[in-house]
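The values are calculated or read from the model by the stated rules, or taken from the named source; none is laboratory data. These numbers come from a predicted model, not from an experiment. Cβ sites come from the backbone with ideal geometry, for glycine too, and all protein chains shown count toward neighbours.
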Amino acid sequence: MAKAMTRSEIVNHLSQKTGLTKKVTSQFLNDLASLAYREVKNSFEIPGIGKLVLSSRKARIGRSASTGKFVGVATQKVVKFRASKKIKEKLSEGTGSGGPRIVR
């Protein structure tokens, strides 16, 4: 499996592809992340890539790893990523039944 791209690799790639400076490209990524943080409560979609959705997890009984005792875990809000249809199609393209899957 290929190694994930680092932030600097993404900035380098985008700056070469667009002709923008690395500083401008880096600022764009920062602004995009800030916008996603602010708007995730309403869901945040990047067309062609996917959507960030705020979801709630129910309260449950968990277990402390250090003591082994049962403890209550409160209701939590979590962010989930839902891949777009284009990405799902691209992943399943030519892979047959043994290829990568998107698990919900």
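A compact table of results
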item	result
Restricting the stretch 45-96 to residues that are more than 28 Å from Ser34 (Cα to Cα) and of a type in the set (Ser, Thr, Tyr), the residue that is modelled with the lowest pLDDT	Thr95
Residue match in the stretch 41-52 (condition: under 19 Å from the mean Cα position of the chain (by Cα), surrounded by 13 or more Cβ atoms within 10 Å (Cβ to Cβ) and more than 21 Å from Lys85 (Cα to Cα))	no
The stretch 71-86 residues that are in contact (Cβ under 8 Å) with a residue 24 or more places away in the chain, paired with ones that are acidic (Asp, Glu) (beta carbon under 6 Å, 6 or more apart)	none
Verdict on Ser26 being surrounded by 11 or more Cβ atoms within 10 Å (Cβ to Cβ) and either of a type in the set (Asp, Glu) or at pLDDT below 90 (or both)	no
